[in-house]
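Some notes on the structure that comes next.
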Amino acid sequence: PPNAETDPEMVPYGKHLTAMTAMTTISSQADTVILWQLLGPAAIAVYVFAQALPVRASSIIKIVNRVAFPKMATQEHETLQKTLLPKVLILCFFAALVALAYAVCAPFLFSLFFPKYLDAVPYTQLASLLIVFQPFSLLNSSLTAQSKQKTLYIYNAIIPILRIALFLVLIPPFHLLGAVGALIAVKALDSALLVYLFRRP
(Lines give C-alpha, C1' and ligand atoms only; values in the text may rest on other atoms or scores of the structure.)
Protein backbone atom coordinates (compact mmCIF):
# COMPACT_ATOMS: atom_id res chain seq x y z
CA PRO A 1 0.00 0.00 0.00
CA PRO A 2 1.07 3.63 -0.46
CA ASN A 3 3.23 4.98 2.36
CA ALA A 4 5.62 7.79 3.19
CA GLU A 5 8.67 5.58 3.75
CA THR A 6 11.90 6.70 2.11
CA ASP A 7 15.32 5.09 1.78
CA PRO A 8 18.09 7.59 2.62
CA GLU A 9 20.60 5.44 0.76
CA MET A 10 18.68 5.54 -2.53
CA VAL A 11 20.04 8.83 -3.93
CA PRO A 12 23.70 8.20 -2.98
CA TYR A 13 23.46 4.69 -4.41
CA GLY A 14 21.99 6.09 -7.62
CA LYS A 15 24.95 8.45 -7.92
CA HIS A 16 27.35 5.54 -7.48
CA LEU A 17 25.54 3.58 -10.20
CA THR A 18 25.88 6.54 -12.56
CA ALA A 19 29.60 6.82 -11.81
CA MET A 20 30.09 3.09 -12.37
CA THR A 21 28.60 3.17 -15.86
CA ALA A 22 30.74 6.09 -17.08
CA MET A 23 33.62 3.86 -18.19
CA THR A 24 31.19 1.39 -19.75
CA THR A 25 29.63 4.18 -21.80
CA ILE A 26 33.03 5.30 -23.06
CA SER A 27 34.19 1.76 -23.91
CA SER A 28 30.97 1.02 -25.80
CA GLN A 29 32.18 3.32 -28.58
CA ALA A 30 35.68 1.86 -28.80
CA ASP A 31 34.85 -0.66 -31.51
CA THR A 32 33.37 1.86 -33.94
CA VAL A 33 36.16 4.38 -33.34
CA ILE A 34 38.86 1.78 -34.06
CA LEU A 35 36.99 0.44 -37.11
CA TRP A 36 36.55 3.98 -38.45
CA GLN A 37 40.25 4.68 -38.13
CA LEU A 38 41.38 1.40 -39.69
CA LEU A 39 38.70 0.42 -42.21
CA GLY A 40 36.44 3.42 -42.80
CA PRO A 41 32.65 3.96 -42.69
CA ALA A 42 31.72 1.06 -45.01
CA ALA A 43 33.14 -1.46 -42.53
CA ILE A 44 31.23 0.19 -39.69
CA ALA A 45 27.97 -0.16 -41.64
CA VAL A 46 28.54 -3.90 -42.13
CA TYR A 47 29.53 -4.26 -38.47
CA VAL A 48 26.43 -2.42 -37.23
CA PHE A 49 24.10 -4.53 -39.37
CA ALA A 50 25.90 -7.71 -38.33
CA GLN A 51 25.15 -7.18 -34.65
CA ALA A 52 21.81 -5.35 -34.95
CA LEU A 53 19.44 -8.34 -34.94
CA PRO A 54 21.35 -10.40 -32.33
CA VAL A 55 21.35 -7.37 -30.02
CA ARG A 56 17.61 -6.88 -30.60
CA ALA A 57 16.96 -10.53 -29.85
CA SER A 58 19.02 -10.23 -26.67
CA SER A 59 16.91 -7.29 -25.51
CA ILE A 60 14.09 -9.71 -24.66
CA ILE A 61 16.12 -10.73 -21.61
CA LYS A 62 16.17 -7.08 -20.53
CA ILE A 63 12.40 -7.29 -20.13
CA VAL A 64 12.88 -10.31 -17.86
CA ASN A 65 15.44 -8.29 -15.89
CA ARG A 66 12.99 -5.44 -15.32
CA VAL A 67 10.24 -7.80 -14.21
CA ALA A 68 12.52 -9.78 -11.88
CA PHE A 69 14.33 -6.77 -10.39
CA PRO A 70 11.79 -5.87 -7.65
CA LYS A 71 11.55 -9.50 -6.53
CA MET A 72 15.34 -9.85 -6.39
CA ALA A 73 15.56 -6.68 -4.30
CA THR A 74 13.38 -8.23 -1.58
CA GLN A 75 15.25 -11.56 -1.32
CA GLU A 76 18.37 -12.43 0.61
CA HIS A 77 21.52 -12.66 -1.47
CA GLU A 78 22.21 -16.16 -0.13
CA THR A 79 18.79 -17.29 -1.37
CA LEU A 80 19.44 -15.83 -4.82
CA GLN A 81 22.83 -17.56 -4.95
CA LYS A 82 21.04 -20.89 -4.58
CA THR A 83 18.13 -20.28 -6.95
CA LEU A 84 19.08 -17.77 -9.64
CA LEU A 85 22.04 -19.39 -11.40
CA PRO A 86 20.15 -22.60 -12.34
CA LYS A 87 17.41 -20.43 -13.86
CA VAL A 88 20.03 -18.48 -15.81
CA LEU A 89 21.47 -21.69 -17.21
CA ILE A 90 18.01 -22.84 -18.31
CA LEU A 91 17.51 -19.50 -20.05
CA CYS A 92 20.90 -19.94 -21.72
CA PHE A 93 19.71 -23.23 -23.19
CA PHE A 94 16.67 -21.59 -24.76
CA ALA A 95 18.81 -18.63 -25.83
CA ALA A 96 21.12 -21.08 -27.61
CA LEU A 97 18.14 -22.44 -29.55
CA VAL A 98 17.17 -18.90 -30.55
CA ALA A 99 20.76 -18.18 -31.60
CA LEU A 100 20.89 -21.33 -33.72
CA ALA A 101 17.57 -20.49 -35.38
CA TYR A 102 18.77 -16.97 -36.12
CA ALA A 103 22.08 -18.18 -37.58
CA VAL A 104 20.17 -20.52 -39.93
CA CYS A 105 17.65 -17.84 -40.95
CA ALA A 106 20.14 -14.96 -41.25
CA PRO A 107 20.87 -15.38 -45.01
CA PHE A 108 17.15 -15.27 -45.80
CA LEU A 109 16.48 -12.34 -43.46
CA PHE A 110 19.31 -10.27 -44.90
CA SER A 111 18.38 -11.04 -48.51
CA LEU A 112 14.83 -9.92 -47.68
CA PHE A 113 15.42 -6.86 -45.50
CA PHE A 114 19.07 -5.83 -46.03
CA PRO A 115 20.00 -6.94 -49.57
CA LYS A 116 22.76 -4.32 -49.77
CA TYR A 117 24.51 -5.80 -46.75
CA LEU A 118 24.80 -9.48 -47.63
CA ASP A 119 28.49 -9.22 -46.76
CA ALA A 120 27.37 -8.98 -43.14
CA VAL A 121 25.73 -12.44 -43.13
CA PRO A 122 28.73 -14.51 -41.92
CA TYR A 123 29.48 -11.89 -39.27
CA THR A 124 25.90 -11.77 -38.01
CA GLN A 125 25.81 -15.58 -37.86
CA LEU A 126 28.89 -15.45 -35.65
CA ALA A 127 27.37 -12.59 -33.62
CA SER A 128 24.36 -14.81 -32.84
CA LEU A 129 26.52 -16.22 -30.02
CA LEU A 130 25.87 -12.95 -28.19
CA ILE A 131 22.31 -14.15 -27.61
CA VAL A 132 23.54 -17.22 -25.73
CA PHE A 133 25.32 -15.18 -23.05
CA GLN A 134 22.62 -12.57 -22.51
CA PRO A 135 20.78 -14.40 -19.66
CA PHE A 136 23.84 -13.87 -17.44
CA SER A 137 22.82 -10.20 -17.28
CA LEU A 138 20.29 -11.35 -14.67
CA LEU A 139 23.22 -11.80 -12.31
CA ASN A 140 24.18 -8.16 -12.86
CA SER A 141 20.59 -7.14 -12.11
CA SER A 142 20.70 -9.21 -8.94
CA LEU A 143 23.91 -7.53 -7.75
CA THR A 144 22.35 -4.13 -8.48
CA ALA A 145 19.09 -5.02 -6.72
CA GLN A 146 21.05 -6.23 -3.70
CA SER A 147 23.12 -3.00 -3.63
CA LYS A 148 26.44 -4.84 -3.94
CA GLN A 149 28.23 -1.56 -4.49
CA LYS A 150 31.84 -2.71 -4.10
CA THR A 151 31.25 -5.74 -6.34
CA LEU A 152 29.61 -3.59 -8.99
CA TYR A 153 32.56 -1.19 -8.98
CA ILE A 154 34.91 -4.13 -9.60
CA TYR A 155 32.73 -5.42 -12.44
CA ASN A 156 32.30 -2.02 -14.08
CA ALA A 157 36.03 -1.34 -13.91
CA ILE A 158 37.22 -4.66 -15.35
CA ILE A 159 34.83 -5.19 -18.26
CA PRO A 160 35.35 -1.83 -20.05
CA ILE A 161 39.13 -2.28 -19.85
CA LEU A 162 38.86 -5.80 -21.28
CA ARG A 163 36.55 -4.54 -24.01
CA ILE A 164 38.91 -1.81 -25.18
CA ALA A 165 41.95 -4.10 -24.92
CA LEU A 166 40.35 -6.87 -26.98
CA PHE A 167 39.26 -4.44 -29.70
CA LEU A 168 42.76 -2.97 -29.87
CA VAL A 169 44.32 -6.44 -30.10
CA LEU A 170 41.87 -8.17 -32.46
CA ILE A 171 40.66 -5.50 -34.90
CA PRO A 172 44.01 -4.51 -36.47
CA PRO A 173 44.97 -8.04 -37.63
CA PHE A 174 41.49 -9.52 -38.19
CA HIS A 175 39.41 -6.42 -39.10
CA LEU A 176 35.63 -7.10 -39.01
CA LEU A 177 36.11 -10.68 -37.90
CA GLY A 178 38.26 -9.39 -35.06
CA ALA A 179 35.61 -6.85 -34.06
CA VAL A 180 32.85 -9.47 -33.89
CA GLY A 181 35.19 -11.93 -32.21
CA ALA A 182 36.07 -9.30 -29.61
CA LEU A 183 32.36 -8.70 -28.94
CA ILE A 184 31.83 -12.40 -28.28
CA ALA A 185 34.98 -12.72 -26.17
CA VAL A 186 33.96 -9.73 -24.05
CA LYS A 187 30.47 -11.19 -23.57
CA ALA A 188 31.90 -14.56 -22.52
CA LEU A 189 34.36 -12.96 -20.08
CA ASP A 190 31.60 -10.66 -18.82
CA SER A 191 29.42 -13.69 -18.07
CA ALA A 192 32.24 -15.59 -16.36
CA LEU A 193 33.09 -12.58 -14.19
CA LEU A 194 29.43 -12.13 -13.22
CA VAL A 195 29.21 -15.76 -12.16
CA TYR A 196 32.36 -15.40 -10.04
CA LEU A 197 31.24 -12.15 -8.39
CA PHE A 198 27.70 -13.42 -7.87
CA ARG A 199 28.87 -16.59 -6.10
CA ARG A 200 31.21 -14.75 -3.75
CA PRO A 201 30.02 -14.51 -0.11
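Leaving ligands, DNA and RNA out of it, report the carbon-plus-sulfur percent of the accessible area of segment 11-74 at a 1.4 Å probe. All intermediate terms of the calculation are to be shown ahead of the outcome.
On the way: 2770 of 3830 Å².
That share works out to 72 percent.
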By how many nm would the segment from ALA19 to VAL195 grow when fully extended, if each residue of separation counts as 0.36 nm and the alpha-carbon distance is taken off?
61.1 nm
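When 1/r is averaged over all different Cα pairs and the result inverted, which Kirkwood radius in Å belongs to segment 93-201? Walk me through the numbers before you get to the answer.
Details: mean 1/r = 0.0648 Å⁻¹.
The Cα-based Kirkwood calculation yields 15.4 Å.
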Sorted by accessible surface (1.4 Å probe, heavy atoms of the protein chains only), largest first, LEU138, LEU100 come out as LEU100, LEU138
Per DSSP helix of 4 or more residues, -39500 (n - 2.57); summed, then divided by the residues of the chain. What does that give at 222 nm, rounded to the nearest 500?
-29500 deg cm²/dmol
For segment 134-201 and segment 36-72, compute the distance between their C-alpha centroids and round to whole Å.
14 Å
As a test of understanding, state the convex hull volume per residue of segment 18-97 from its alpha carbons, in Å³.
135 Å³
On a 0 to 90 degree scale, rounded to 10, what angle separates helix 10-27 from the longest Cα axis of the chain?
20 degrees
Which value in nm describes the separation of the simple spin-label points at LEU177 and LEU38, placed 7 Å from the Cα toward the beta carbon?
1.3 nm
In terms of the charge dipole of the chain, which places +1 on Lys and Arg and -1 on Asp and Glu at the beta carbon, the residue among SER191, THR79, ALA145 farthest towards the positive end is THR79
Carbon plus sulfur, as percent of the 1.4 Å-probe accessible area of segment 87-201, comes to 74 percent
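Please state, as a whole number in µm²/s, the translational diffusion coefficient that the Stokes-Einstein equation yields for segment 1-134 at 10 °C and 1.306 mPa s, with Rh defined as the Kirkwood radius across alpha carbon pairs. List each step's numbers first, then the result.
Values: Rh = 18.1 Å.
D = 88 µm²/s.
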For LYS62, go through the lysines and keep the ones whose alpha-carbon is under 17 Å away, minus same-chain ones fewer than eight residues off.
LYS71, LYS87, LYS187
So with the 1.4 Å probe, I'd like the accessible area per residue for the chain, rounded to whole Å².
57 Å²
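The values are calculated or read from the model by the stated rules, or taken from the named source; none is laboratory data. Model, not experiment: these values are computed from the prediction. Neighbour counts run over all protein chains shown; Cβ positions are idealised from the backbone, glycine included. Surface areas here come from the heavy atoms of the whole protein model, side chains and all, with no ligands, DNA or RNA. Shrake-Rupley method; radii C 1.70, N 1.55, O 1.52, S 1.80 Å.
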